[in-house]
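This report refers to the structure that appears directly beneath it.
The values are calculated or read from the model by the stated rules, or taken from the named source; none is laboratory data. Because the structure is predicted, anything quoted here is derived from the model rather than measured. So basically every Cβ, Gly included, is an ideal-geometry build from the backbone, and we count neighbours across all protein chains shown. Only protein heavy atoms, including side chains, enter the accessible area calculation; ligands, DNA and RNA are left aside. Shrake-Rupley method; radii C 1.70, N 1.55, O 1.52, S 1.80 Å.
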Amino acid sequence: MKFEISDLARRAESTVFGDRIEGWEATIKLDGGEILLLSQLDGEAPRWGVDAAFGANGFPHWANGFGSRVVRVRAVGEPIEQALNARRDELAARAQPPADPATEARPDDGKGR
């Protein structure tokens, strides 16, 4: 199966019930023209849930909001899951600021400094 990851980013929002959900959101374009909107909420790794699926002609097969877990969640197949997790890890690593030696914790030398 051929596919293209056209978008992958962190997202956070509040639900109508006041809960806050955070995680990753992705858009996948399949080789037949279908589009899948996916999410992986914090704590759900390595699985990705399908929030919405659109046919090649744009017809919605189903559509839920970002990270909706009030309905049965469909998961993507392993090849897409592995590609998304690899890209997610790459983006997360780039988002980490480099270590600053001036602000790193120093061991206590016992002199109270």
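Can you name every residue in region 20-33 that is open to solvent by 50 Å² or more (accessible area, probe 1.4 Å) and closer than 27 Å to GLN96 by Cβ?
Passing the criteria: ARG20, GLU22, GLU25.
Could you tell me how many of the residues in region 3-51 are in a loop (DSSP other than H, G, I, E, B) and either at positive phi or in contact with a helix residue (DSSP H, G or I) (Cβ under 8 Å, 6 or more places away or on another chain) (or both)?
Final tally of qualifying residues: 7.
Mind counting the residues in region 1-47 that are hydroxyl-bearing (Ser, Thr, Tyr) and farther than 23 Å from VAL70 by Cα?
Of the residues in that region, 1 qualify.
Considering region 50-71 alone, what residues qualify as being buried (at least 17 other Cβ atoms within 10 Å of the Cβ) and polar (S, T, N, Q)?
ASN64
Filter region 72-90 down to residues that are at pLDDT below 95 and surrounded by 12 or more Cβ atoms within 10 Å (Cβ to Cβ) and give me whichever is nearest to LYS2 (Cα to Cα).
Going through the qualifying residues, I end up with VAL76.
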